[in-house]
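Here is the structure we will look at.
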Amino acid sequence: MTSASVPASGTTSPDLPAHRVLSGQKALVTGANSGIGMSVALALGAAGADVVVNYVVGDDAANAVVDEIRRSGVRAIAVKADVSSETDVERMFATMLSEFGTIDILVNNAGLQRDAAFHDMTLTEWNTVMNVNLTGQFLCARAAIREFLRRGVVPQVSCAAGKIICMSSVHQQIPWGGHANYASSKGGIKLLMESLAQEVAPQRIRVNGVAPGAIRTPINTSAWDTKEAYARLMTLVPYGRIGEPQDVARAVVWLASDHSDYVVGTTLYVDGGMTLYPGFATGG
Ligand code: NAP
């Protein structure tokens, strides 16, 4: 297509500096006092966004993240809220809107595991994982979408009326015995993300997913904290190293920025090739 045939009504992504690509934007990261969420919150702040650091139990850790984000010269606040509670989520968004005025970026990151063999899995273990990992993403996305629709596009801020990044997992694709609740929640996130992306793209709202592989965080310590465990893990990772939270954070910043303005309803795998079925590398 020549430039003369580009529809005049289209807003295309401008040339952006490589850093501070999120200047003036307001972001909320759920589960941001630990692991991937913490790294994402720090990276969004370093890219110029004001950040709400959500958490549910770790007050000190959340306050430390807020202090660190503020060193980037942006605003940050910690908001305690259980993402699986409608009341908590509504209160968290009300706090954000009153403090920051609006929301431009939601990173639906909070998640947990309650692992059990299927025949031993309790209904509480099933429900806890589904409520936090999947229903939590629904509740937060709904609140963000309502504000995006109310406000619309502000061209000086972003090409899009809002961006949602859903933290999924390679287990939205790879079945995971002993973790049926977790894998089901992540499979649910994939179609929640895609269905929502399809529904709100006409309003210039971009919804995408990030699917990490094995990332070094407290959620999976036993998978990497001994030499033997690490070696076992590496049989699943063609790239030959564990992922660091910053590997995921960089992908999130890109998806939140106008650099990815034409990326809609996609899952970006950040997994060192874990989803390439490495067991088949030598013929299977
Ligand atoms: P993590 O270090 O254990 O962090 C989990 C975060 O979720 C914490 O900040 C925790 O806050 C928060 N959280 C838990 N329940 C919550 C609730 N009800 N409401 C609000 N926040 C809640 O784990 P992580 O590895 O960074 O995991 C972050 C996300 O990445 C999860 O969705 C996980 O499934 C996904 N993921 C991780 C990996 C990996 O290898 N690490 C791989 C694939 C996907 P509190 O500390 O206050 O409880």
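I'd like to compare 38-49, 98-109: which one has the highest average count of other Cβ atoms within 10 Å, and what's the full order after that?
Highest mean packing first, the order is 38-49, 98-109.
Around Cys166, with a cut-off of 15 angstrom between Cβ atoms, what is the net charge of the other residues, counting Lys and Arg +1 and Asp and Glu -1?
+3
Taking only Cα atoms of the chain, what ratio of Rg to Rh do you get with Rh as the Kirkwood inverse-distance radius?
So for the chain, dividing Rg by the Kirkwood Rh gives 0.98.
Is the C-alpha gyration tensor of the stretch 147-190 telling us rounded, prolate or oblate? Criteria: a/c under 1.5 is rounded; beyond that, a/b larger than b/c is prolate, otherwise oblate.
prolate
How big is the C-alpha Rg of the stretch 24-175 next to the rule-of-thumb value 2.2 N^0.38 Å, as a ratio?
So the stretch 24-175 has a normalised radius of gyration of 1.06.
First select every other residue whose beta carbon is under 9 angstrom from the beta carbon of Gly209; then total the charges, Lys and Arg +1, Asp and Glu -1.
0
Just tell me which lysines come within less than 29 Å, Cα to Cα, of Lys26; anything on the same chain fewer than 8 places away is out.
Partners found: Lys80, Lys163, Lys186, Lys190.
State, as an integer percentage, the relative contact order of the chain based on alpha-carbon contacts under 8 Å between residues 6 or more apart.
In percent, rounded to a whole number, it is 18.
Taking the alpha-carbon centroid of each part, what is the distance from the stretch 218-263 to the stretch 57-102 in angstrom?
25 Å
Taking the alpha carbon gyration tensor of the stretch 126-252, what are the square roots of 5 times its eigenvalues, largest first, to the nearest whole Å?
One finds semi-axes of 32, 17, 11 Å for the stretch 126-252.
Along the charge dipole of the stretch 199-240, pointing to its positive end and built from +1/-1 on Cβ of Lys, Arg, Asp and Glu, which listed residue (Asn208, Tyr239, Trp224) has its Cα farthest out?
The listed residue farthest towards the positive side: Asn208.
Heavy atoms only, probe 1.4 Å: what % of the accessible area of the chain goes to carbon and sulfur, would you let me know?
That fraction is 56 percent.
Kindly state, to the nearest 0.05, the FRET efficiency for Arg142 paired with Phe280, given R0 = 41 Å and r defined as their beta-carbon distance.
0.55
Whole number in Å², please: accessible area per residue of the chain, 1.4 Å probe, ligands, DNA and RNA not counted.
Here the per-residue accessible area is 47 Å².
Simple spin-label model, 7 Å along Cα-to-Cβ: Glu86 to Asn220 in nm?
For Glu86 paired with Asn220, the spin-label model returns 3.4 nm.
Output the peptides 262-275, 146-159 sorted from most to least packed, where packing is the average of other Cβ atoms within 10 Å over each peptide's residues.
Output ranking for 262-275, 146-159: 262-275, 146-159.
Treating the beta-carbon of each Lys and Arg as +1 and of each Asp and Glu as -1, no other charges, what is the dipole magnitude of the chain about its Cα centre, to the nearest 20 debye?
The dipole magnitude comes to about 460 debye.
The values are calculated or read from the model by the stated rules, or taken from the named source; none is laboratory data. Model, not experiment: these values are computed from the prediction. Note that we place each Cβ from the backbone using ideal geometry, even for glycine, and neighbour counts take in every protein chain shown. For accessibility, only protein heavy atoms count, side chains too; no ligands or nucleic acids. Shrake-Rupley method; radii C 1.70, N 1.55, O 1.52, S 1.80 Å.
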